[in-house]
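No value in this document is a laboratory result; all are computed from the given coordinates. Small disclaimer: the values here were computed from a predicted structure and weren't measured. Note: ideal-geometry Cβ built from the backbone for every residue, glycine included; neighbour counts use all protein chains shown.
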Amino acid sequence: MKESLLDIICCPLDKHDLELTVEERDEEDGEIVEGLLVCTDCGEEYPIEEGIPNLLPPDMRE
Amino acid sequence: MSDDGAGAGDDGAGGAGDGADEGVPTDGESTRDALAERRGLGDPVYAPAEDSGLLAEAGVDRARGVVLEVGTGSGWVAERVRAAGAADRVLGSDLNPHACRAARERGAEAVRADLLDPFAADSLDAILFNPPYLPTDPDNEWDDWQEAALSGGESGRDLIEPFLDDAARPLRPDGLVLLLVSSLTGFPEVVEYAVSQGFDAETVAEESYPYETLSVLALTPRSDGA
């Protein structure tokens, strides 16, 4: 996931901004491979796994 | 996979089901079987087909700026739009994690999402959507990823209507939606619904196939803000 994607995505539940925590970056292109997106309003957490943010609401994840 | 005993794989041409002996299948089930056969069941990700080609062409011609393909599946349409080079960036979203991985492999910025839920207001210049649109009998669903990629519920519009309900929000005021619509889904109904949600609608591509006519609708937010 490119960091600039933060300008385009939001919390799927309340549409507020997401705050990014990076756990692993790709050394070549700087993309976020593993990390966490947290809603600045409701606090819901959305994982970034294998470079893909999972922005499904918690009840739809599995 | 199918437990309806209709023998989806017999001869391809409207396999004799119970009482449906016309050559061309017209009910949702046999049409679905025919389409499913053409498209190859069993893969967890929808493979590009005629509808994908039509949507990709429209996207290459018209999608600019920040482009999102909703329900990107294999990511093939998104890849075509990106390869054409006229868009600034191309995103692909899908409910299906296998599809998200496939789309990322093809170079789209993948996001696992339910329709437009996690896309911010005024963030997109173009939204492409080839929705799951086959009308499906609720008692005869497959309940797997392939069904999620094909089935549009009883009307065929179960995903199209919620998509249109929300499409104006993430779209910039001068943005554009390119929506693939099949005659199986009810073309006039989709146009009417889009208009009721504040869009102007124009058909920008159309092709006929044995079981359906496919159209690409270009939807733009009406400037009167209705």
Checklist entry - When each pair of different Cα atoms in region B:124-219 is counted once in the 1/r mean, what is the Kirkwood radius in angstroms, to one decimal? => result 13.8
Next on the checklist: Suppose we look only past 19 Å in the calculated P(r) of region B:45-221. What percent of the Cα-Cα pairs does that tail hold?
Outcome noted: 52
Item to check | Computed FRET value (nearest 0.05) for B:GLU147 with B:VAL204, which takes r as the C-beta separation and R₀ as 25 Å | outcome: 0.30
Checklist entry - Given just the C-alpha atoms of region A:3-60, how large is their convex hull per residue in cubic angstrom? => result 69
Checklist entry - What FRET efficiency would be calculated for the residue pair B:ASP166, B:ALA86, taking the C-beta separation as r and a Förster radius of 35 Å, to the nearest 0.05? => result 0.85
Checklist entry - If each residue's Cβ is checked for other Cβ atoms within 10 Å, how do B:VAL177, B:VAL195 rank with the fewest at the top? => result B:VAL195, B:VAL177
Checklist entry - How high is the relative contact order of chain A, in percent, with contacts defined as C-alpha pairs under 8 Å that are six or more residues apart? => result 29
Next on the checklist: Quick check: the distance between the Cα centres of region B:61-122 and chain A, to the nearest angstrom?
Outcome noted: 16
Next on the checklist: Quick check on the exposure proxy: order B:ASP94, A:ASP29, B:ASP158, B:ASP122 from fewest to most C-beta atoms within 10 angstrom.
Outcome noted: A:ASP29, B:ASP122, B:ASP158, B:ASP94
Checklist entry - Hey, got the average number of other protein chain Cβ atoms within 10 angstrom for residues in B:110-122? => result 6
Checklist entry - Out of region B:47-85, which trypsin sites (Lys or Arg not before Pro) are coil in DSSP terms and have no more than 16 other C-beta atoms within 10 Å? => result B:ARG64
